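A.B. asks: This is the structure I want to talk about, given as structure tokens.
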Amino acid sequence: MSRHDIRKKAFELLFAQQINDYIPEELVAINEDFEEQEIDAGVKELFLNTLLHKEEFDGIIESLSKKRSIARMPKSVVSILRLALYEIKYDEKVPTSVAISEAVLLAKDYCDEGDVSFINGLLGNFAR
């Protein structure tokens, strides 16, 4: 799997976990059963590590978002932001600019146009 594909699958798991509030390991197992193939180790690592820091990332998102509380944000936006924040803060192999760029690409596929700008701006502010 490419790094982009790993991010996309990890995002899908993060989004599904937000909607259904599954135990993360159960969600991975359900997904593997549904797709009839094992989820890549890189996907599991990115998904589980992002969830590990969820409260920290939610605090960052709340502090940087002046107009919207996290509760009012679309779940897709929150999932993308958490994923990007994990990569920026904890994944030394991913440059900050790449994490932001990949978050914007995911947002273009899964979010409204205004949310794309919001994600780019919030992550840019965090990076500064």
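The values are calculated or read from the model by the stated rules, or taken from the named source; none is laboratory data. Please read all numbers here as calculations on a predicted model, not as lab measurements. So basically every Cβ, Gly included, is an ideal-geometry build from the backbone, and we count neighbours across all protein chains shown. For accessibility, only protein heavy atoms count, side chains too; no ligands or nucleic acids. Shrake-Rupley method; radii C 1.70, N 1.55, O 1.52, S 1.80 Å.
A.B. asks: How high is the relative contact order of the chain, in percent, counting Cα pairs under 8 Å that sit 6 or more residues apart?
C.D. replies: So the answer I get is 24 percent.
A.B. asks: Order THR96, THR50, most accessible first, counting only protein heavy atoms with a 1.4 angstrom probe.
C.D. replies: Ranking THR96, THR50 by accessible area, largest first, yields THR96, THR50.
A.B. asks: Also, quick follow-up: How big is the Kirkwood radius of the stretch 43-117, worked out from every pair of different alpha carbons and given in Å to one decimal?
C.D. replies: 12.6 Å
A.B. asks: Going Cα to Cα from LYS93, which lysines come in below 18 Å? Please leave out same-chain ones fewer than 8 positions away.
C.D. replies: Straight-distance partners of LYS93: LYS8, LYS44.
A.B. asks: If packing is taken as the average number of other Cβ atoms within 10 Å across a peptide's residues, how do 66-75, 119-128, 99-108 rank, most packed first?
C.D. replies: Per-residue mean Cβ counts within 10 Å order the peptides as 99-108, 119-128, 66-75.
A.B. asks: Given 25 °C and 0.890 mPa s, compute D for the chain with the Stokes-Einstein relation, Rh being the Kirkwood radius over Cα pairs; round to the nearest whole µm²/s.
C.D. replies: Using the Kirkwood radius from Cα pairs, D works out to 168 µm²/s.
A.B. asks: So how do GLU26, GLU92 rank on accessible area, 1.4 Å probe, biggest first, that is with the largest at the start?
C.D. replies: So the residues, ranked largest to smallest area, are GLU92, GLU26.
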